[in-house]
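The values are calculated or read from the model by the stated rules, or taken from the named source; none is laboratory data. Just so it is clear, the structure is predicted and the values come from calculations on it, not from any experiment. Cβ placement follows ideal geometry from the backbone for every residue including glycine, while neighbour counts extend to all protein chains displayed. All accessible areas refer to the heavy atoms of the entire protein, side chains included, with ligands and DNA or RNA removed. Shrake-Rupley method; radii C 1.70, N 1.55, O 1.52, S 1.80 Å.
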Amino acid sequence: MSVLDRVFELKARETTVAREVRGGITTFMAMAYIVLLNPIILAGAHDVTGARLTIAQLTTATALAAAVSTLLMAFVGNAPFGLAAGLGLNAVVAYQAAPYMTWAQAMGLVVLEGVVIIVLAVTGLRTIIMNAIPLALKHAISVGIGMFIALIGLVDAGFVTRGSGTPVQLGSTGHLTGWPVTLFSFGLLLMIVLYVRRLPGAILISIIVTAVLAVIVDATARVDPRSWGVVQPRVPERLVAPPDFGLVGQVDVFGGFARAGVLTASVVLFTLVLSGFFDAMGTIIGVADEAGLVDEQGRVPRLGRILTVDGVAGVIGGATSASANTVFVESAAGVGDGARTGLAAVVTGALMGLTLLFTPLAGVVPAAAAAPALVLVGALMMTQSRNVPWEDLELAIPAFLTIAMMPFTYSITNGVGAGVVSYTLIKAARGKFAQIPWLLWVVSVIFLAYYAIDALEGWAG
């Protein structure tokens, strides 16, 4: 007990080993769904060459990166935070980076994102960036990413498809038909009920229950295998298998700039940094406040170390091809169950490590079972909209454009750019140049060039 107390400050934070263990287990249960969900998101996309990543390798990469990152947070940051591949960040990698470069090059941008966040954390430049981006746009980015994630879930499950007379429609015919859509609907309703009843592990439990039903349906009913999407639910030949580390180290740090162009790669990198950094800041402050770790000045103990670990986690995520790792808001579940120190993160990280032996289970979960989590997480991210001052049009319009452009253009980058450019333009049109940080001018020019990339390339050619 004395050793644990010296390392994790248990007495100072008025906690016990039992509470930390319980909190660590709860955090794991709340966020373990990412080991199943992240591989499906990444495997559902292909890179510029048409290559796809395998579920088994992605599951190993996701669990490995989460385990290492969370253990680092435990011993360096002494915070009860679990880290894993961030939802939203993996969407940027899969749908914004991969279409223009190889997977190795896309993960190289993730490594660079982690490096940038480390530099921002250790130099104090995060203050400059925090002051440059309006708070309303930071909240709007989270909301927009939430809507984008929800749309991806609805499309992957076949709940929403491209219509013949409309851009989108309900189901494949304008109505809900087929077993996969039925199971998705059941899984979403079950997940919502369990989550609002605050059942620990509600997301994971719902995914498992729906996946089991999908296996039964696939074995007993006549279901077109193609309707399941990337993964057809079948019982694996074995439950335990050696981890497949084939993706670990498969990274090309600077190749994306040559393949996709400096401008495109830079905008993707900027989006990763912006989303990852500010999402982490909000999560860290919010969860720490709930844990009673924030002082009267609003400061979080060891914030510099925590942010540095978050950056290192980004590097780890890219190096393992798991996408950028970041602090999970589900850590609040463990905090609510008593977690106050890094000892809880040790438990969470150790359990993540154990999942490396059970990778065959990930190949059982179809999109119909996992996609409800995307919809629910999207709903949770929508709660940030309450922090946008909608009565102030100078902020409300850029915030709306940020939110709307992400799902409507299937692009997180487009949403961020629309918000920044419109905010800068509105302030300038009203003569409020003093309220426009110089960094926003630079970023706005970058986004304008990004939007006009085809014209610029044609002109240059």
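The charge dipole of the chain, taken about its Cα centre with unit charges on the Cβ atoms of Lys, Arg (+1), Asp and Glu (-1) only, comes to about 260 debye. Evaluated with a Cβ-only charge set (Lys, Arg +1; Asp, Glu -1), the range 215-305 carries a dipole of roughly 320 debye about its Cα centre, given to the nearest 20. If R0 is 25 Å, the Cβ-Cβ spacing of Thr54 and Leu380 corresponds to a FRET efficiency of close to 0.25.
What the Cβ-Cβ distance of Ile128 and Leu354 gives, at R0 = 60 Å and to the nearest 0.05, is a FRET efficiency of 0.90. The figure for Lys427 is an accessible area of roughly 10 square angstrom, using a 1.4 Å probe on the protein chains alone.
How much of the accessible area of the chain, probe 1.4 Å, is carbon plus sulfur, in whole percent? Walk me through the numbers before you get to the answer.
Numbers: 12710 of 19170 Å².
Roughly 66 percent, rounded to a whole number.
Translational D (Stokes-Einstein, µm²/s) of the range 69-193 at 20 °C and 1.002 mPa s when Rh comes from the Kirkwood sum over C-alpha pairs?
Working: Rh = 18.1 Å.
Result for D is 118 µm²/s.
Per residue, the chain exposes 42 Å² of accessible surface when a 1.4 Å probe is rolled over the protein heavy atoms with every protein chain present. Whole-percent P(r), the chain, all Cα pairs, 20 Å bins from 0: 25, 58, 16, 0. Counting only Cβ charges, +1 for Lys and Arg and -1 for Asp and Glu, the dipole size of the range 110-265 around its Cα centre is about 320 debye.
For Lys427, the aspartates and glutamates whose Cα comes closer than 19 Å to its Cα, not counting residues fewer than 8 places off in the same chain, are Glu391, Asp392, Glu394. Projected label points at Val196 and Phe254, each 7 Å from Cα along the beta carbon direction, are separated by 5.4 nanometres.
Projecting the Cα atoms of Gly187, Gly146, Ala136 onto the charge dipole of the range 123-246, computed from C-beta unit charges around the Cα centre, puts Ala136 farthest toward the positive end.
Return the calculated 222 nm mean residue ellipticity for the chain, to the nearest 500 deg cm²/dmol, obtained by summing -39500 (n - 2.57) across DSSP H runs with n ≥ 4 and dividing by the residue count.
Numbers: 20 runs with 285 residues, N = 461.
The helix-only estimate for the chain comes to -20000 deg cm²/dmol at 222 nm.
Anisotropy class assigned to the range 170-234 is oblate, per the alpha carbon gyration tensor with a/c at or over the 1.5 cut-off and a/b no larger than b/c.
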